[in-house]
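The values are calculated or read from the model by the stated rules, or taken from the named source; none is laboratory data. Predicted model only: the values in this text are computed from it and were never measured. Here the Cβ positions follow ideal geometry from the backbone for every residue, glycine too, while neighbour counts run over all protein chains shown.
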Amino acid sequence: MSVKRLHQLIVILLDNAIKYTDKGGEILLSCLQTNSLIVFTVSDNGIGIPEKDIPRIFDRFFQSDNARTSEEGTGLGLSIAKWIIDKHHGKVKVQSTPSIGTTIEVSFPKAQKR
């Protein structure tokens, strides 16, 4: 696994959590290791994502209507994150509720396929 890409992935996920969580909000980053997986989780109590938008958040240039903030982005961050996850044979799960927050869980196999 490329440490540079893993770092980029974590920065993208944390950047989104920071961007969409109000000042004083909570953002949690955790890492868990099992016998076969390494699991990263980023959770926040930010604005959340409408259920109908969750399947599209990794599409290039997609931004949910909820995502309109004073810090407009390009809509590329999560598509790059998904590319990194796929490149390292990982999987991603997203749980989100508007006005409650978002949790993104990324898991990678410990034994990387070549």
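So which of Leu37, Leu76 is at pLDDT below 90 and in contact with a Lys or Arg (Cβ under 7 Å, 6 or more places away or on another chain)? Please lay out each step first, then the result.
Values: Leu37 fails: at pLDDT below 90.
Just one listed residue meets the conditions, Leu76.
Quick one: would you say Asp15 is touching a residue at least 24 places away in the same chain (Cβ under 8 Å), among the acidic types (Asp, Glu) and in contact with a strand residue (DSSP E or B) (Cβ under 6 Å, 6 or more places away or on another chain)?
Answer is no for this residue.
State the number of residues belonging to the range 75-101 that are touching a strand residue (DSSP E or B) at 6+ places or on another chain (Cβ under 7 Å) and of a type in the set (A, V, I, L, M).
Final tally of qualifying residues: 3.
Could you tell me which numbered condition Asp22 fails, if it satisfies all but one of (1) part of a strand (DSSP E or B); (2) farther than 16 Å from Glu105 by Cα?
Asp22 satisfies every listed condition except (1).
From the set of residues in the range 28-42 that are surrounded by fewer than 18 Cβ atoms within 10 Å (Cβ to Cβ) and under 21 Å from Ile80 (Cβ atoms), which is farthest from the chain's Cα centre (by Cα)?
Residue satisfying both the conditions and the ranking: Ile38.
So, Glu51, is that one farther than 21 Å from Ile80 by Cβ, in contact with a strand residue (DSSP E or B) (Cβ under 8 Å, 6 or more places away or on another chain) and modelled with pLDDT under 95 or not?
Yes; evaluated as a whole, the condition is true for this residue.
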